[in-house]
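The values are calculated or read from the model by the stated rules, or taken from the named source; none is laboratory data. Note that this is a predicted model, so its numbers are computed, not measured. Heads up, the Cβs are rebuilt from the backbone with ideal geometry, glycines too, and the neighbour counts pull from every protein chain shown.
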Amino acid sequence: MQKEVARIIALGIAATFVFTAAVASAQDEKVISDEYGVEVSKPKGWEKSTGNEKAVAVFSEPKSQSQIEVVPAKLMTAEVAEVFFNTFHKTLTESSFEKVGETVPKDVKGIKAQETTYKFTHSGVTLKVCVVSFTRDTTAWLVVGYMQDKEEAKIKPQFDALLDGMVFK
């Protein structure tokens, strides 16, 4: 009887470890910001990264060195968002990034957004920067994807999936 009880306890402890590891792994796949009320899922095969202290999430793809940043800015009013967006876009163009095509409308979880793509070529390598901007309540959001043009066909769908997977609370 004691052996049976010990075995049941041991199984319970083992199950707890497995469950805890699964929960920790699932949490590692998402970044949750209570301050901004958002949950962002890490693209499969990507790593959490650092580098932009204003971002709630930064992910990098180790093979291509591509990166995605999710950057919110709390605003006093929603109208101030244009200043935030224009400053970001101006910084890119003043840094010799060239706008590619037209800014196009995009939908992010039922929110009207805009998508703009830029490129910069140096030493035979072209970097593409995809910028999606939108306002939710009084928070302005920039979701920015950095990728080499030769990786765009692989990285852009992952960028779009990250946008589609954002959960606002």
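Before moving on, here are some points about what is shown:
- Contacts under 8 angstrom Cβ, first residue in the range 58-84 being over 22 Å from F168 (Cβ atoms) and without any contact (Cβ under 8 Å) to a residue 24 or more places away in the chain, partner of a type in the set (D, E, K, R) and part of a strand (DSSP E or B), 6 or more apart: S60/E47; P62/E47
- Test: residue in the range 29-39 that is in contact with a strand residue (DSSP E or B) (Cβ under 9 Å, 6 or more places away or on another chain), in a loop (DSSP other than H, G, I, E, B) and modelled with pLDDT under 85: no
- Selection from the range 136-169 of residues that are among the β-branched types (V, I, T) and either farther than 28 Å from E35 by Cα or assigned to a helix (DSSP H, G or I) (or both): I155
- Failed item in (1) surrounded by 19 or more Cβ atoms within 10 Å (Cβ to Cβ); (2) under 22 Å from V108 (Cα atoms); (3) modelled with pLDDT of 95 or more; (4) not basic (K, R), with E61 passing the rest: (2)
- With respect to the conditions (1) more than 16 Å from S95 (Cβ to Cβ); (2) under 14 Å from the mean Cα position of the chain (by Cα); (3) surrounded by fewer than 21 Cβ atoms within 10 Å (Cβ to Cβ), E152 lacks only one, and its number is (2).
- Flag if K112 is surrounded by fewer than 13 Cβ atoms within 10 Å (Cβ to Cβ), at pLDDT 95 or above and within 25 Å of E39 (Cα to Cα): yes
- Any pair with Cβ under 7 angstrom, 6 or more apart, that starts in the range 110-124 at a residue that is closer than 20 Å to T87 by Cβ and ends at one that is among the small types (G, A, S) and surrounded by 14 or more Cβ atoms within 10 Å (Cβ to Cβ): A113/S133; Q114/S133
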